[in-house]
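The values are calculated or read from the model by the stated rules, or taken from the named source; none is laboratory data. The structure presented is a predicted model; accordingly, all values stated were derived computationally and were not measured. All Cβ positions, even for glycine, are placed from backbone atoms using ideal geometry, and neighbour counts span all protein chains on display. Keep in mind that these areas ignore ligands, DNA and RNA; they rest on the heavy atoms of the full protein, side chains included. Shrake-Rupley method; radii C 1.70, N 1.55, O 1.52, S 1.80 Å.
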Amino acid sequence: MTVKGVSKVNKNIHRITNDIANNRTQRIIQQVMIVGMSFVAPITPRDTSTLINSQYRELKPVPKGWIGRVGYTANYAAFVNNAKGTAKGKRTGKKSQGDYWSPNAEPHFVEKGFQRDGQQAIEQVIKDGYKI
């Protein structure tokens, strides 16, 4: 007995897996970065807004998939993210236009935005993105 449509099924499987491995994954990683940084922004310290305005995201292909990177281009961003303590509301100096730690800001704000505050939203983006 001959089975009809096997080549069509194989072609469709190849098309879907190719879409998942390339286009869909690229789009999902981009969405994860956007959603994650939307949770980072409210807890990012603001003094002159230089830090928050230096936010970036980058998506690039690698041999086995895609890599997404987010961060800040301000040269002091890593220092501020890794700062100790809870200096919320503390003035930074005479020329300061705001607070070093804004009232809602926290140390390790990048990690907390992605892993604590945005984790459920990010998981939902991934689940929705890979539905067939």
Taking the criterion of being surrounded by 14 or more Cβ atoms within 10 Å (Cβ to Cβ), under 13 Å from the mean Cα position of the chain (by Cα) and farther than 15 Å from Val125 by Cα, would at least one residue in segment 22-37 satisfy it? no
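Of everything in segment 75-106, what is modelled with pLDDT of 85 or more and out of contact with any strand residue (DSSP E or B) (no Cβ under 9 Å at 6 or more places or on another chain)? Give them in sequence order.
Taking segment 75-106 as the starting set, the residues that turn out to be modelled with pLDDT of 85 or more are 75-82.
Those that are modelled with pLDDT of 85 or more and out of contact with any strand residue (DSSP E or B) (no Cβ under 9 Å at 6 or more places or on another chain): Asn75, Tyr76, Phe79, Asn82.
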Would you confirm, using the coordinates I've provided, whether Thr73 is surrounded by 11 or more Cβ atoms within 10 Å (Cβ to Cβ), more than 24 Å from Asp128 (Cβ to Cβ), over 14 Å from the mean Cα position of the chain (by Cα) and of a type outside the set (A, V, I, L, M, F, W, C)? yes
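Considering Thr50, Thr44, which residue is under 17 Å from Asn104 (Cβ atoms) and hydroxyl-bearing (Ser, Thr, Tyr)? It would help to see each step written out before you state the result.
Values: Thr50 fails: under 17 Å from Asn104 (Cβ atoms).
Answer to the selection: Thr44.
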Among the residues in segment 107-127, are any charged (D, E, K, R), at pLDDT below 85 and out of contact with any Cys (no Cβ under 6 Å at 6 or more places or on another chain)? no
Which one is farthest from Val62 (Cα to Cα), of the residues in segment 11-21 that are open to solvent by less than 90 Å² (accessible area, probe 1.4 Å) and of a type outside the set (A, V, I, L, M, F, W, C)? Asn12
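So, of the residues in segment 38-50 that are out of contact with any strand residue (DSSP E or B) (no Cβ under 6 Å at 6 or more places or on another chain) and buried (at least 16 other Cβ atoms within 10 Å of the Cβ), which turns out to be farthest from Gln120 (Cα to Cα)? Give the derivation first.
Of the residues in segment 38-50, the ones out of contact with any strand residue (DSSP E or B) (no Cβ under 6 Å at 6 or more places or on another chain) are 38-44, 46-50.
Checking which are buried (at least 16 other Cβ atoms within 10 Å of the Cβ) leaves us with 39-40, 43-44, 46-47.
Values: Phe39: 11, Val40: 14, Ile43: 17, Thr44: 20, Arg46: 26, Asp47: 29 Å.
Checked segment 38-50; the qualifying residue farthest from Gln120 (Cα to Cα) is Asp47.
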